[in-house]
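Visitor: Just dropping this structure here.
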Amino acid sequence: MLTEQQLDTFMEEFWEDRHPEHAADTKEEQPEEPEEYRLPTDGLIIRQMTKEGRVSRRTWFALGVMLLVVPLLLYLSVRVFHGRKYLVCSLIVIVAAMLPFFMMFEGRKPKAREIMVIAVLAAIGVAGRAAFFMVPSFKPVAAIVILSGISFGGEAGFLVGCLIMMLSNMFMGQGPWTPWQMFAFGMIGFLAGILFQKGILKARKRDLCIYGFLSVFLIYGGIMNPASALMSYGQVTWASLLAFYISGAPVDLVHAISTVIFLWFLSRPMLEKLERIKKKYGLVEP
């Protein structure tokens with residue numbers, strides 16, 4: 001048996017299609033939906049993305065953990081364990097990347113959609129890397145990590161980079177290089193978030209492409225080349241470091257150019273959609 005309120009609701013929905021004038025009155029009483037976002041004309045991809053101009057203490061704590069604890073852990077994994085405990089090290093890197101989120105959720109109940117958006121971005125990165133597996137070093141991972149860091153902050157960029165490399169290497173092949181790749185891509189996303197927050201990096205295609213090229217060539221190559229020498233010989237010498245930098249330069253160049261291409265085509269649609277989602281649901285608020 002329907003209650004009086006349920007019966008009224010049913011009658012309103014039933015007559016909504018039969019009487020256009022009644023439907024119009026009902027529509028006027030309802031709050032209007034926010035107007036669809038339109039791209040500005042000043043070159044900025046996302047105008048609503050606000051920058052406080054300062055970096056929170058949580059972010060500085062995360063930076064300290066990632067620059068001190070993670071590199072030390074990776075070094076010990078090679079020197080002490082000789083690369084045999086790479087899965088354990090990968091999990092520890094993931095936990096270190098999640099610490100800022102635990103701090104952010106302290107004092108309030110986190111919502112599932114706040115975690116879901118990170119998982120979706122990581123899944124997109126894994127799928128993108130798998131889709132281009134036949135082209136060496138031509139991957140959209142760095143572009144997705146950069147856009148994640150800009151839209152949701154440096155902590156999110158680091159976590160997305162770590163998750164993408166750990167999950168995708170389950171298909172591409174796990175090894176002692178996995179935690180190093182996680183750290184390299186994580187730092188690219190983390191630095192992108194900090195530079196955008198400080199107003200140094202703008203949400204423009206040109207600026208994003210320049211940062212993508214330099215970050216991949218200098219940060220990713222600057223981490224992975226010494227790591228390759230350390231994993232190969234157990235120590236880093238000037239001769240081995242120079243040899244790995246020279247041999248790795250063409251690979252890093254292809255990787256950097258592919259990042260520029262993906263940022264050029266993906267930055268506008270992805271940032272636009274991510275900003276709509278963040279604005280609608282209030283995702284990852286500080």
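The values are calculated or read from the model by the stated rules, or taken from the named source; none is laboratory data. The shown structure was predicted, so the numbers you read here are calculated from the model rather than taken from an experiment. Quick reminder, even Gly has a Cβ in these numbers, built from the backbone with ideal geometry, and neighbours come from all protein chains shown.
Visitor: Could you tell me whether any residue of the stretch 262-283 is surrounded by fewer than 18 Cβ atoms within 10 Å (Cβ to Cβ), aliphatic (A, V, I, L, M) and either at positive phi or assigned to a helix (DSSP H, G or I) (or both)?
Guide: Within the stretch 262-283, one or more residues are surrounded by fewer than 18 Cβ atoms within 10 Å (Cβ to Cβ), aliphatic (A, V, I, L, M) and either at positive phi or assigned to a helix (DSSP H, G or I) (or both).
Okay, residues lined up against (1) modelled with pLDDT of 85 or more; (2) under 30 Å from Y233 (Cα atoms); (3) touching a helix residue (DSSP H, G or I) at 6+ places or on another chain (Cβ under 6 Å):
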position: G107; (1), (2), (3): no, no, no
position: A122; (1), (2), (3): yes, no, yes
position: S151; (1), (2), (3): yes, no, yes
position: P176; (1), (2), (3): no, yes, yes
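Visitor: Hey, can you tell me all the residues within the stretch 237-259 that are within 29 Å of the chain's Cα centre (by Cα) and outside any helix (DSSP H, G or I)?
Guide: The answer is none; no residue qualifies.
Visitor: Now, a different point. Given the conditions (1) at negative phi; (2) surrounded by 18 or more Cβ atoms within 10 Å (Cβ to Cβ), which single one is not true for F171?
Guide: Evaluating F171 over (1) at negative phi; (2) surrounded by 18 or more Cβ atoms within 10 Å (Cβ to Cβ) leaves (2) as the failure.
Visitor: Here is a follow-up. Go through the stretch 116-149 residue by residue and tally those that are touching a residue at least 60 places away in the same chain (Cβ under 8 Å), within 16 Å of F213 (Cβ to Cβ) and either buried (at least 20 other Cβ atoms within 10 Å of the Cβ) or hydroxyl-bearing (S, T, Y) (or both).
Guide: 8
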